[in-house]
Each structure stands twice: as structure tokens, then as C-alpha cells.
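The values are calculated or read from the model by the stated rules, or taken from the named source; none is laboratory data. Quick caveat, the model's predicted, so the values are computed rather than measured. Virtual Cβ from ideal backbone geometry, glycine too; neighbours counted across all protein chains shown. Quick note on the areas: whole protein, heavy atoms, side chains included, nothing else; ligands and nucleic acids left out. Shrake-Rupley method; radii C 1.70, N 1.55, O 1.52, S 1.80 Å.
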Amino acid sequence: MKIFHVSTLLFISGHSSAFLPSMTKNPHLSRLGSTLFEEDLDMVPVAKSYIHAKYKQVAASHGHAVANKEDVKEVLHSVLPPVTPEELEKEEAAILNSLLAHKANSPDAIDEDDFVESIMRNSYWKDAGDIVVKELMYFDSLHSYYKTGKPLLSNDDYDELHENLTWEGSSVATMSAREAEF
């Protein structure tokens, strides 16, 4: 998908990442480390809302009320920065192993909150850095809205993300809808 080319360039440029410790009901997720946006706390609820929306969108597209193992893999393919197939497979396995180690989860039903926490602690998101993650969320939100008519973020969350990217100096936030679609 062309939408990720800008993110690939930013990922290569080496933006630093930041983390925010988070409490979770799944102790197995703690091995994945801390979460993003340590110095940008306003982005934590936006990122969580985005991941919740992706979880629900994919589960619903397969007729599921709760995402299963395959749904989770599909979400991971769409939210992780561009990586090699081997890296993606390794990250999928790490996340799924952590999720399935929690007794509330099974291959047929992955708890939404556990999944959100696992993405917030995802090593590829942390390595890519805050700005890349924000731009991925922004592009994906625009793509979803313009292609399906269904927003991934509320208006308030979208405005918060747009304003944050603008203050960060990201050119993504100043693109027209047509430029972003390209």
C-alpha cells in the first residue's frame, strides 16, 4: 500500500522513541516493555482509541464480536511499520505468545484490552518512534475515512493527532486529502 512509503522513509531516518510505563491486567505483557509517548501523554488515549478501532474493524469484517488469532495477525499487518516478512512473523509470534499466555485469551478470542496494551508496548512501534507511529495512525485514519466512510478516530482524537503532528513539524499534517491519498 502506498500509504506506508512516507513511514518507511521516516523509519529509516531514525527518529527516537519514547515510552510510558503502563499497568495491565495481563502480567505476561510486561515482558514486552514499556509503551510509547512518555513525553507526550496526550497521545496515549488517541493511540489506544486507534488500536481499539482497528481491533473492532477487523473482527467485525470477519463477522466476529471478539477478535481471534487470525484477526489479530491481520491487525498487526496493518498497524506495524513496514518490516520484512521474517520480522513480522517474529513480532506476531511474540505478541500472540504473550496474549495467549494470559488465561483470559484463547486462539478463538483475544481480549481487546490485552491486545491494545500489547500494541502500545510493541517493539516495532517503539523502534520506529513516536512521530512515525503518529503518522501511521494519521494516514490509516484518513485512508479508512476516505475509502470506507468509517472513521477510526473520533473528531476530538483526530484533531488532537492533527494538532500534535503540526506542532511536531510533520508535513503529513499539512497534506491535502488528495496528497495523503496518493
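For region 25-182, the fraction of C-alpha pairs farther apart than 18 angstrom is 58 percent.
Computed over protein heavy atoms with a 1.4 Å probe, the accessible surface of region 28-182 works out to 48 Å² per residue.
Put simply, the amide H of residue 106, placed in the peptide plane, has neighbours under 5 Å in 111, leaving out anything fewer than 5 places away on its chain.
For region 105-168, the carbon plus sulfur part of the accessible surface works out to 46%, probe radius 1.4 Å. In this view, the solvent-accessible surface of residue 175, computed with a 1.4 Å probe and all protein chains in place, comes to about 60 Å². Modelled label positions at residue 174 and residue 78, each set 7 Å beyond Cα in the direction of Cβ, lie 3.1 nm from each other.
What per residue convex hull volume, in Å³, comes out for region 120-166 when only alpha-carbon positions are used? Provide the component values of the computation, followed by the final result.
Numbers: hull volume 3.7 nm³, N = 47.
Per-residue hull volume (Cα only) is 78 Å³.
Over the C-alpha trace of region 98-182, radius of gyration and Dmax come out as 15.5, 46 angstrom.
Cα centroid separation, region 77-104 to region 115-151: 15 Å.
Taking a straight line from the alpha carbon of residue 134, these lysines sit under 29 Å away, with near neighbours fewer than eight places off in the same chain left out: 2, 25, 48, 54, 56, 69, 73, 90, 126, 147, 150.
Can you classify region 38-88 as rounded, prolate or oblate using the Cα gyration tensor, where a ≥ b ≥ c are the square roots of its eigenvalues, rounded means a/c under 1.5, and otherwise it's prolate if a/b beats b/c and oblate if not? Here region 38-88 falls in the oblate category.
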